[in-house]
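Structure record follows, encoded as structure tokens.
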């Protein structure tokens with residue numbers, strides 16, 4: 001399993017601590033809300049809405065430099081649009097990892 005990192009954020013920020021902290025702050029605020037919405041959608045069998053949550057979350061996966069996990073999220077998003085839960089386990093493992101990583105920042 002890939003490990004999240006801050007390389008892309010550091011590159012974007014061009015060594016600006018303020019900008020880096022702003023991006024991380026946005027992720028810290030948005031990710032828990034988006035993850036909770038995703039699980040809530042699944043709990044109530046709102047599969048299409050869950051795909052929209054995955055769409056938002058996959059960009060955070062990309063920002064953390066997790067290229068393979070991004071592609072899994074992208075495929076999972078497409079699967080959900082078709083009512084298919086294939087790749088759910090893989091996506092949720094990634095979600096767990098990035099939530100823990102974000103909480104440690």
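Filter the range 13-29 for residues that are in contact with a helix residue (DSSP H, G or I) (Cβ under 8 Å, 6 or more places away or on another chain) and within 21 Å of residue 99 (Cβ to Cβ); which is surrounded by the fewest Cβ atoms within 10 Å (Cβ to Cβ)? Outline the logic, then answer.
Start the filter on the range 13-29 by keeping residues that are in contact with a helix residue (DSSP H, G or I) (Cβ under 8 Å, 6 or more places away or on another chain), which leaves 13, 19-20, 23-24, 27-28.
Those still in the list that are within 21 Å of residue 99 (Cβ to Cβ) too: 20, 23-24, 27-28.
Values: 20: 17, 23: 18, 24: 16, 27: 20, 28: 13.
Taking the candidates together, the pick is 28.
Among the candidates 56, 48, single out the residue that is surrounded by fewer than 17 Cβ atoms within 10 Å (Cβ to Cβ), in contact (Cβ under 8 Å) with a residue 24 or more places away in the chain and in contact with a helix residue (DSSP H, G or I) (Cβ under 6 Å, 6 or more places away or on another chain). Reasoning before the result, please.
On the way: 48 fails: in contact with a helix residue (DSSP H, G or I) (Cβ under 6 Å, 6 or more places away or on another chain).
Step by step, each of 56, 48 is checked, and only 56 is surrounded by fewer than 17 Cβ atoms within 10 Å (Cβ to Cβ), in contact (Cβ under 8 Å) with a residue 24 or more places away in the chain and in contact with a helix residue (DSSP H, G or I) (Cβ under 6 Å, 6 or more places away or on another chain).
Here residue 101 meets each of (1) within 14 Å of residue 38 (Cα to Cα); (2) out of contact with any helix residue (DSSP H, G or I) (no Cβ under 8 Å at 6 or more places or on another chain) with one exception, condition (1).
Go through the range 73-86 and report how many residues are buried (at least 19 other Cβ atoms within 10 Å of the Cβ) and either in contact (Cβ under 8 Å) with a residue 60 or more places away in the chain or over 10 Å from the mean Cα position of the chain (by Cα) (or both). Write out each step before concluding.
Initially, the range 73-86 is screened for residues buried (at least 19 other Cβ atoms within 10 Å of the Cβ), giving 73, 76-77, 80.
Now restrict to residues that are either in contact (Cβ under 8 Å) with a residue 60 or more places away in the chain or over 10 Å from the mean Cα position of the chain (by Cα) (or both): 76-77, 80.
Total meeting the criteria: 3.
Just checking, does the range 64-71 include any residue being on the phi > 0 side of the Ramachandran plot, surrounded by 15 or more Cβ atoms within 10 Å (Cβ to Cβ) and modelled with pLDDT of 95 or more? Yes, because at least one residue in the range 64-71 is on the phi > 0 side of the Ramachandran plot, surrounded by 15 or more Cβ atoms within 10 Å (Cβ to Cβ) and modelled with pLDDT of 95 or more.
Whether any residue in the range 17-36 is farther than 14 Å from residue 85 by Cα and outside any helix (DSSP H, G or I) is what I want to check. Looking for residues that are farther than 14 Å from residue 85 by Cα and outside any helix (DSSP H, G or I), one finds none in the range 17-36, hence no.
The values are calculated or read from the model by the stated rules, or taken from the named source; none is laboratory data. Keep in mind that what you see is a predicted model, and the values were worked out from it rather than measured. With ideal geometry, Cβ positions are generated from the backbone for all residues, glycine too; neighbour counts draw on all protein chains shown.
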